[in-house]
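Read-outs throughout are calculated quantities, based only on the coordinates presented, and are distinct from any laboratory measurement. This structure is a prediction, so every number in the text was calculated from the model and none was measured. Here the Cβ is made from the backbone with ideal geometry for all residues, glycine too, and neighbour counts use every protein chain on show.
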Amino acid sequence: MNRALEMAEAKNLDLVEVSPQADPPVCRIMDFGKFQYEKQRRERKARKQQKTIEVKEIQLWPKTDDYHVSFKVRDARKWITDGMKVRVRFRFRGREITHTDIGRERLDRIAEELKDVAVVEQRPSMEGSAMLMILAPISDKKK
């Protein structure tokens, strides 16, 4: 150990213990400040390259016409092919809440139209006065 410290001081470097559990402990002669700087740079680069998934939302009502739903489906298809998730929210107002079957059928139809580019990540479920379904892009492995 003393010999290693002398070698590190002769080179103006640091003696860093790499594996203290090993028998004998493993040490390395290096510039510790430079090592820490490069480690931070690698972590920063990894965070920068990390992909964040955006979630877009489409809102529909029981009285929404099929013609207008086709526009919403077209937008959803574009977002999904861009790699975004799509949350489809079917809102019920007043007495419409008694007809949740209409919402479930409409959401199933939308999922069927988008099945070539999307997979249903969350099945239609009620949350308060709204029914939600989440569609995610099909990964390249599944294609």
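What FRET efficiency, computed as 1/(1 + (r/R0)^6) with R0 = 25 Å and r the Cβ-Cβ distance, is obtained for ARG74 and ILE97, rounded to the nearest 0.05?
On the way: r = 28 Å, r/R0 = 1.13.
Here the calculated transfer efficiency is 0.30.
Just flag the GluC sites (Glu not before Pro) in the range 31-133 sitting in loop per DSSP whose Cβ has no more than 14 other Cβ atoms within 10 Å. Don't jump to the answer; show the numbers that get you there.
On the way: sites: GLU38, GLU43, GLU54, GLU57, GLU96, GLU105, GLU112, GLU113, GLU121, GLU127; in loops: GLU54.
Filter output for the range 31-133: GLU54.
How large is the convex hull of the C-alpha atoms of the range 2-48 per residue, in Å³? Each step should come with its number before you reach the end.
Details: hull volume 3.0 nm³, N = 47.
Dividing the Cα hull volume of the range 2-48 by its residue count gives 64 Å³.
For the chain, calculate the relative contact order in percent as a whole number, restricting contacts to Cα pairs under 8 Å that are 6 or more residues apart. Display every interim value, and only then the final one.
Working: 169 pairs, mean separation 25.3, N = 143.
Averaging sequence separation for qualifying contacts and normalising by length gives 18 percent for the chain.
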Query raised in the report: If each of GLN21 and ALA130 carries a label point 7 Å out from its Cα toward its Cβ, how far apart are those two points in nm?
Result: 4.8
Query raised in the report: Once Lys and Arg get +1 and Asp and Glu get -1 on their Cβ, which of SER70, GLN122, GLN50 lies farthest toward the positive end of the dipole of the chain?
Result: SER70
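So if I place +1 on the C-beta of Lys and Arg and -1 on the C-beta of Asp and Glu, and nothing else carries charge, what would the dipole magnitude of the range 27-143 be about its Cα centre? I want it in debye, nearest 20. Kindly include the intermediate steps, with their values, before the conclusion.
Numbers: 30 positive and 19 negative charges, 166 e Å.
It comes to approximately 800 debye.
Between their Cα atoms, which of LYS45/LYS85; LYS51/LYS85; LYS63/LYS85; LYS56/LYS115; LYS72/LYS115 are more than 19 Å away from each other? Intermediate values should be presented prior to the final figure.
On the way: LYS45/LYS85 25 Å; LYS51/LYS85 13 Å; LYS63/LYS85 25 Å; LYS56/LYS115 17 Å; LYS72/LYS115 15 Å.
In this structure, LYS45/LYS85; LYS63/LYS85 lie more than 19 Å apart at Cα.
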Requested in this report: Sort SER139, SER70 so the one with the fewest other Cβ atoms within 10 Å of its own Cβ comes first.
Outcome: SER139, SER70
Report task. Per DSSP H run of at least 4 residues, take -39500 (n - 2.57); add these up for the chain, divide by its residues and hand me the 222 nm value, nearest 500 deg cm²/dmol. Result -> -13000 deg cm²/dmol
**Report entry** Given (i) 116; (ii) 157; (iii) 184, the label whose value is volume of the Cα convex hull per residue in Å³ derived from this model
**Finding:** (iii)
Report summary line: For the chain, the charge dipole (Cβ of Lys, Arg +1; Cβ of Asp, Glu -1; about the Cα centre) points to a positive end, and the Cα of GLN59, PHE32, THR100 closest to that extreme belongs to GLN59
Query raised in the report: What is the calculated FRET efficiency for ARG28 to THR52, with r their C-beta to C-beta distance and R₀ = 41 Å, to the nearest 0.05?
Result: 0.65
